[in-house]
Amino acid sequence: MARHFFLDRDSISRDRAFIAGDEARHIASVLRLRAGDAIRLIDQEGWEYSAVISASGPQRVEVALIEKRPPLEAPARRIILGQALPKFQKMDYIVQKATELGVSSIIPFVSSRSIGGAGADRLHLKRLRWQKIAREATKQCGRRLVPAVEKVTVFRDVVQAKRENYLKIILWEDEKKTGLREMLIGSYHSKNAVVLVGPEGGFTPGEIELAEGCGFQPAGLGPHIMRTETASLYVLSVLQYEWGG
């Protein structure tokens, strides 16, 4: 599949630039690309560059920039995934696959039934790892813009955030009347969507009540109970399909 390497715009000087850190090590030591090899680069604003390596080393790769192309047009709709912190390393998987499925941003949050806590320093390190995973997944699937992994927050702040023209969905296994399919019928006027997925134990009735008061609509996913990581990827896939993503 198409693969980009990330370029810091501050490293560009006229028609030349350099790549450092993990990207340089991957290019030089893992892929063993050398002077004369062509690569594609992308900067933090989504500009794409065709380049040729002029010098390759594990600490620094220098390139000559051949062509610069503007960012692709922004997608017609934005999809935000609000994900309650799951157990173990499941969040790594969710971030990776959500990136591949075109999510615009990911908001990790703590809810009433989230299992296991972590201090601020540890959550900061986790967020850095998740952002790195999103960046790697962006390269792997050929996207240009890396979805932002937001700072870990709490459920109340997620539902109370003001978002205009968003279809607001909260998945709830006890919702038996309205499924995701029924909710999406007639939703094409919505420009964007924010979807909240609970932890392994699901949301509490009190959380659902709070979310409804903030404009969220509970949606069920059918008769079977899905794992939290399955539910997240399922709903993103359905939204992309229904909205032509």
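Only the coordinates and a few stated rules stand behind these numbers; no lab work does. The structure presented is a predicted model; accordingly, all values stated were derived computationally and were not measured. Here the Cβ is made from the backbone with ideal geometry for all residues, glycine too, and neighbour counts use every protein chain on show.
Structure values in brief
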item	result
Placed amide H near Ala148: partners under 5 Å, 5+ positions off or other chain	Ile106
Cross-link pairs beyond the 28 Å C-alpha cut-off, checked among Lys132/Lys176; Lys151/Lys177; Lys87/Lys168; Lys90/Lys151	Lys132/Lys176; Lys151/Lys177
Within the chain: Cβ-based charge dipole about Cα centre, in debye rounded to nearest 20 (Lys, Arg +1; Asp, Glu -1)	440 debye
Label assignment, Rg/Rh (Cα atoms, Kirkwood Rh) derived from the structure, set (1) 1.04; (2) 1.63; (3) 0.94	(1)
Rounded to 10°, Cα long-axis angle of helix 120-141 versus longest principal axis of the chain	70 degrees
Point-to-point label distance, Arg32-Thr178, nm (Cα→Cβ direction, 7 Å offset)	5.8 nm
Size of charge dipole - region 166-228 - debye, nearest 20, with Cβ of Lys, Arg +1 and Asp, Glu -1, no other charges	320 debye
Using alpha-carbon coordinates, inclination of helix 90-100 to the longest axis of the chain, degrees	70 degrees
Mean Cα-pair separation over length for region 5-69, i.e. relative contact order, pairs under 8 Å, 6 or more apart, %	37 percent
Where labels lie 7 Å past Cα in the beta-carbon direction, separation of Arg16 and Leu123 in nm	4.6 nm
Helix 228-242 vs. the chain, principal-axis angle (Cα, 0 to 90°, nearest 10)	80 degrees
Charge dipole of region 78-242 about the Cα centre (unit charges at C-beta), most positive-ward option of Gly215, Tyr234, Trp172	Tyr234
Length-normalised contact order for the chain - Cα pairs under 8 Å, 6+ apart - percent	20 percent
Inter-probe distance in nm under a simple model that places probes 7 Å from Cα toward Cβ, at Ser112 and Ala161	2.2 nm
Sorted by Cβ neighbour density within 10 Å, fewest at the top, the residues Thr230, Thr138, Thr99	Thr230, Thr138, Thr99
Residue-count net charge about Arg163 - beta-carbon cut-off 14 Å; Lys, Arg +1, Asp, Glu -1	+2
Reachable aspartates and glutamates, given that their alpha-carbon falls under 12 Å from the alpha-carbon of Lys191 and they are not under 8 places away in the same chain	Glu164
Mean Cα-pair separation over length for region 150-245, i.e. relative contact order, pairs under 8 Å, 6 or more apart, %	39 percent
Aspartates and glutamates with Cα under 19 Å of Lys68, excluding same-chain neighbours fewer than 8 positions away	Asp8, Asp10, Asp15, Asp37, Asp43, Glu45, Glu48
Residues Phe88, Phe155, Phe203, sorted so that the one with the fewest Cβ neighbours within 10 Å comes first	Phe88, Phe155, Phe203
